[in-house]
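Below is one structure, written out as structure tokens, with a few remarks after it.
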Amino acid sequence: MNVSHNLFGTLQEFDLGNGKRGKFYSLPALEKAGVGPISKLPVSIRLVLESVLRNCDGKKVHEANIKELANWKANETRTAEIPFVVARIVLQDFTGVPLLVDLAAMRSAVAKLGKNPKIIEPLVPVDLVVDHSVQVDFSGGADSMAKNLDLEFMRNRERYQFLKWGMQAFDTFKVVPPGIGIVHQVNLEFLAKGVLSSQDPKSKTPDPIYYPDTLVGTDSHTTMINGLGIVGWGVGGIEAEAGMLGQPVYFLTPDVVGVHMTGAIREGVTATDVALTVTQMLRKAKVVGKFVEFFGPGAAALPLVDRATIANMAPEYGATMGFFPIDAECANYLRATGRSEEAVKTYENYYQAQGLWGIPKKGEIQYSQELELDLGTVLPSVAGPKRPQDRIELPKLKHEFTTAFSKPVTENGFGMKAEELSRTVHVSAGGEIHPGGGSQKEGVARQSEREMVTEHPTPDPVHARARRLEGDVRNGSVLIAAITSCTNTSNPSVMLAAGLLAKKAVEKGLTVNSTVKASLAPGSRVVSDYLNKTGLQPFLDKLGFNLVGYGCTTCIGNSGPLHPAIEDAVVKNNLVAASVLSGNRNFEARVHQNIKANFLMSPPLVVAFALAGRVDIDLANDALGTGKDGKPVHLRDIWPSLKEVRDLMQTALQPEVFRRLYKDFAAQNPKWNEIPSSTGNVYEWDRKSTYIQEPPFFTSFALQPGSIAPITGARALAIFGDSVTTDHISPAGSIKKTSPAGKYLIENGVTAEDFNSYGSRRGNDRVMTRGTFANVRIKNLMVPGVEGGVTMYHGPLKGFSMYSKEGGNVSNSPSQHFVPAKNYQEPMSIYDAAIEYRENGIPLIVLAGQEYGTGSSRDWAAKGTNLLGVKAVVAQSFERIHRSNLVGMGVLPLQFKDGTTAQSLKLDGSETYDIVGLDANIKPQQDLTLKITRKGGKIENVSVRCRIDTPIEIDYYQHGGILPFVLRQLVAKV
Ligand code: SF4
């Protein structure tokens, strides 16, 4: 969305390359106007500055924001937040469903007002790619992909029906259906445009304004797109919703760390090795919360696909972005992937006109810190066994594994006895593989750094199939070998290398043992096209690397079950078994709950370790196996040369293939077409659904916002200590039968084995509200010594009461059918207490210590707080994103001052609280008074800082949150 202005004379024209001229907001003109030394700024900062300039409206974005960013200094204390309006949003299916639920609820609210529901449209384009749900239940067969897809559709039918409704209901909401690819690879190969244009609605002339492609995504590896010179990173749901509805994403002005690259990758080294080396190097350099910008001749010479692999791992090195500036290589990639010549010409001309063309050389830009990387020093590497930053040079893996085996767990080891290392179990079964499946399961569980992980579904013998199994399983055995993850499958050089290595191995007569579960899950169908055209896929098939699907699979933990006999051998003998994967994260239990050692590596090394069958091997010296000629075969005998890979690269990047495969997804996807979808602009909520429900955010929606008023007579729902995480506030994992959410599900006919997880039920506020503060490890200091979502209720108790305000036939009564207690000050679940307080019209607050809301950005941590009736959170400090999420949901964040804490004030929850000074004239960061009335009537006034930090946040707060704010703006226009 553009606003019409010509601040500093920056609205200029450039040559579109088709004989026409286009308008744009010119950064060189901004510099010429004397606003700042813009051409000396890091390229990533300049791209953000363009958005700030273009979207300056004096309300959300101010002239001061432009001046501040235009004068970014390499080193200074960072206090200013940047309002960044992104050009588009990408979602994956786990996080996308709750977002769509919110949009659908807004439509319902507008319809109830008698207005046209079509006024609710994402204001920027939104693309959701369904990639996180497919699981490797079947592998090693020609039909594995089709069978896995069948199961995926069976488990996720209800969610997919809902997504299909969203597709037809919203013009700007598009879904890439299952079986097409992985969000970041699809983004790189298809969704990204490089330069966007839009019609300025206020302009008297019909000329569109051109601007850089920028985005946020609800997946941490959104940074892959930084390899194409596009600014973007992963955010939580509320930030994405705000961005979707045209609001800025706020972030603290960052340091920018420059990585000066020189040299070139040597023979035998892959882009994955560079990514792992960069990850280790930047973790050590502590780049958390910073932008990283690669520059210098080494970066300029890197193929775009290698840049994307390195950029993808920014979350692993901790940076907000791993950015490569724009140059001719980007334009070449756009052409090679089927973007139109006219669009590419405009792209080239736009960035040249902006002075943003070319990878900077040393000395051209002053970075906050400069690091050196000679690409010629990068060695073949793997990373693990537990963290992506723990890089191991390939020849040292054997030593590292055997050392880690007996190292204490506290030192990142496995804490085993050294003499157990050689323990071997022979596994023999004519057996059956029992893939998961059966009931409608979605499978989501934990969240780790904004990233979702899927749990394994219950095995279902109905889908069993025979597979011959014979071999030894021992410590260090490779049981999973997965070519997976957009990190690598987007890079044809490493995928072709894997195919070439497989070909040479097969030709030498090498095989993969049946104890290894091998799989190939590319991030797009283009990979299959070039692996088939080059004749390499049949060799991969021979080694068990048959196609299993186009999705995240093992990278997100959807590795599927192992053969029961193998699982048995591992569990009963407490073996430290291994997985090898071309993914980017290897935290314990992520890949598979019973595989303890997980090593990240390039796709060709995945094939090599599958052949070796173990990780305690020195591939520089030890043979992979014995060839059909009886001679030992070493890795060097079958490793493809750089020339062999380069010779095939042309097959991989053919524009017409991209155009064909990225055309008309629906027509190419019969299963998706078979899913019935409801139609209409307003979603017909199924009150029986336990996955998708209309959230109550707009049930009492009025056209005028209420006024900001003091909070009086509040009670404490909970008092927490330091470092309460978003996972404590809104857990993503399993649901206990005895918890309020578990009871609700049972009441609604869901059996415990079909509970799934909180994460998978984010489309149902009834589950999520009951799950708020329900983490089994959370400690409410109001109930000392007790863990879990429990509180001490201090209000009047009416006893059992049916509560059905949330609509329909869903009982929302307190989950414990308790008898009124004689002494009402008894522990009860936080949810039950919140309902009782609400019934009695009593507002709630939460008190907390340092870093409240730390951990993954999770929108339900703020949404659930709001729905429990919490009006304010008073903490010693807040995690940045959770603070803004609270405001975004209409919950007031307040901060204790000068070392004051709930403990220093001796608060135990028996008090009542007033927040004094809260009125329509409130200013950002203004001081307010927390008036505490003790049980005996004694009053104490404590000064607290209001952590509504910006003027726009005051608007959000007054409106009860971002969603009602935007809804009123939209309704007011019609
Ligand atoms: S493949 Fe891995 S990195 Fe890529 S989107 Fe999926 S889970 Fe994230």
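Okay, here's what the table says:
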item	result
Under 11 Å from the Ser943 label point (7 Å along Cα→beta-carbon), backbone N, the range 892-929	897-898, 927-929
Per-residue SASA entry for Lys533, accessible area with 1.4 Å probe, Å² rounded to 10	100
Share of alpha-carbon pairs per 5 Å distance bin for the range 1-143, given as whole %	2, 8, 12, 13, 13, 12, 11, 11, 8, 5, 3, 2, 1
Contact order normalised by residue count of the range 859-949, Cα under 8 Å, 6+ apart, percent	26
Rounded to 5, percent antiparallel among DSSP beta bridges of the range 481-635	15
Partner lysines for Lys284 [C-alpha distance under 29 Å; skip if fewer than 8 residues away on the same chain]	Lys40, Lys73, Lys361, Lys362, Lys386, Lys396, Lys398, Lys407, Lys596
37 °C / 0.692 mPa s Stokes-Einstein diffusion coefficient of the range 664-760, Kirkwood radius on C-alpha pairs, µm²/s	177
Percent accessible area from carbon and sulfur atoms, the range 847-974, protein chains only, probe 1.4 Å	47
Largest to smallest principal axis extent of the C-alpha atoms in the range 7-70, angstrom	37, 27, 20
Accessible area (Å², 1.4 Å probe, nearest 10) - His728	40
Probe 1.4 Å, all protein chains present, accessible-area order of Met261, Met281, Met416, largest first	Met281, Met416, Met261
Relative contact order of the range 240-316, defined on C-alpha pairs under 8 angstrom at six or more residues apart (%)	42
Over the chain: helical MRE at 222 nm, DSSP H runs n ≥ 4 each giving -39500 (n - 2.57), nearest 500	-8500 deg cm²/dmol
Alpha-carbon gyration tensor eigenvalues x 5, square-rooted, for the chain, Å	44, 36, 27
Considering only the chain, percent of DSSP beta bridges that pair antiparallel, nearest 5	50
Environment charge of Phe539, counting only residues whose C-beta is closer than 15 Å and scoring Lys/Arg +1, Asp/Glu -1	+3
Simple Cβ-charge dipole of the chain, Lys/Arg +1 and Asp/Glu -1, about Cα centre, in debye nearest 20	860
Unit charges at the beta carbon, dipole of the chain: most positive-side option, Gly96, Ala875, Ala502	Ala875
Computed label-point distance, nm, for sites Asp919 and Asn673 using a 7 Å Cα→Cβ extension	6.5
The range 512-590: Cα Rg divided by the 2.2 N^0.38 Å rule of thumb	1.24
Trypsin sites (Lys or Arg not before Pro) within the range 323-403: DSSP coil, no more than 15 neighbouring Cβ in 10 Å	Lys361, Lys362
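The values are calculated or read from the model by the stated rules, or taken from the named source; none is laboratory data. No experiment lies behind these values; they were computed from the predicted model shown. Every residue, glycine among them, receives a Cβ derived from its backbone with ideal geometry; neighbour counts consider all protein chains shown. Ligands, DNA and RNA are excluded from the accessible area calculation, which covers all protein heavy atoms including side chains. Shrake-Rupley method; radii C 1.70, N 1.55, O 1.52, S 1.80 Å.
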